[in-house]
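Read the structure below first, then the notes.
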Amino acid sequence: MNPKLLTLAAIGLLAAQSAWAANLAVTDAWARATVPGQPVSGAYMQIRSDADARLVGVTSTAVPRVEVHEMSMDGGVMRMREVKAIELPKGKTVSLEPGGYHIMLMNLKKPIAAGDVIPLTLVIEADGKRQTVEVKAEARAPGAAMQHMHR
């Protein structure tokens, strides 16, 4: 195939992708450091989309199992459950934080130390199409994470 034609085709595909992709801003991504033997942790962040979208999944090359969860009150008891999606309304910042929506990092093979960086791939759906967003969540010690949130 003609190299110029191949280059033009690739540019066309990129342009088509950007035409439907929601522009996302992901800020303050962090994960909770763990202690030896602790098989789970959580990851948190702020997500803002310029279009109505949904967070429909998360994966990681560093964590065997990743799920999107919500903590909520149910009859006076705090319960945690997996959710299939988190709505990302156009122009609104959605907080993934302790005690609310968050990302569960499960089946950890080794502890997450403060300062470790956990790569996460967010799967976002907008207008029936999916895109991925790469995020790096830096691990924070539990006390440091809470202090940071209240600044």
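The values are calculated or read from the model by the stated rules, or taken from the named source; none is laboratory data. The shown structure was predicted, so the numbers you read here are calculated from the model rather than taken from an experiment. As a convention, Cβ positions derive from the backbone with ideal geometry for all residues, glycine included, and neighbour counts pool all protein chains shown.
The figures follow:
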{"item": "Per-region count, segment 37-61, residues crowded, with 18+ Cβ neighbours inside 10 Å and of a type in the set (A, V, I, L, M, F, W, C)", "result": "6"}
{"item": "Residue satisfying condition, being buried (at least 16 other Cβ atoms within 10 Å of the Cβ), closer than 14 Å to A62 by Cα, of a type in the set (V, I, T) and out of contact with any His (no Cβ under 9 Å at 6 or more places or on another chain), within set V94, V135, V117, V123", "result": "V135"}
{"item": "Yes/no for G91 being touching a Lys or Arg at 6+ places or on another chain (Cβ under 8 Å) and in a loop (DSSP other than H, G, I, E, B)", "result": "yes"}
{"item": "Condition check for I103: assigned to a loop (DSSP other than H, G, I, E, B), in contact (Cβ under 8 Å) with a residue 12 or more places away in the chain and either among the acidic types (D, E) or out of contact with any helix residue (DSSP H, G or I) (no Cβ under 6 Å at 6 or more places or on another chain) (or both)", "result": "no"}
{"item": "Extreme residue, farthest from G100 (Cα to Cα), among residues of segment 21-36 that are among the aliphatic types (A, V, I, L, M) and crowded, with 21+ Cβ neighbours inside 10 Å", "result": "A33"}
{"item": "Unmet requirement for S72, which otherwise passes all of (1) loosely packed, with under 11 Cβ neighbours inside 10 Å; (2) modelled with pLDDT under 95; (3) of a type in the set (S, T, Y)", "result": "(1)"}
{"item": "Tally, over segment 63-88, of residues that are in a strand (DSSP E or B) and closer than 18 Å to S49 by Cβ", "result": "4"}
{"item": "Long-range neighbours under 9 Å by Cβ, at least six apart or interchain, first residue free of Cβ contacts under 8 Å to residues at least 40 places away in the same chain within segment 56-76, second part of a strand (DSSP E or B) and of a type in the set (V, I, T)", "result": "E67/V58; E67/I103; V68/V56; V68/V58; V68/I86; V68/I103; H69/I103; E70/I86"}
{"item": "Of residues in segment 83-118 being under 16 Å from the mean Cα position of the chain (by Cα) and polar (S, T, N, Q), the one farthest from E70 (Cα to Cα)", "result": "T93"}
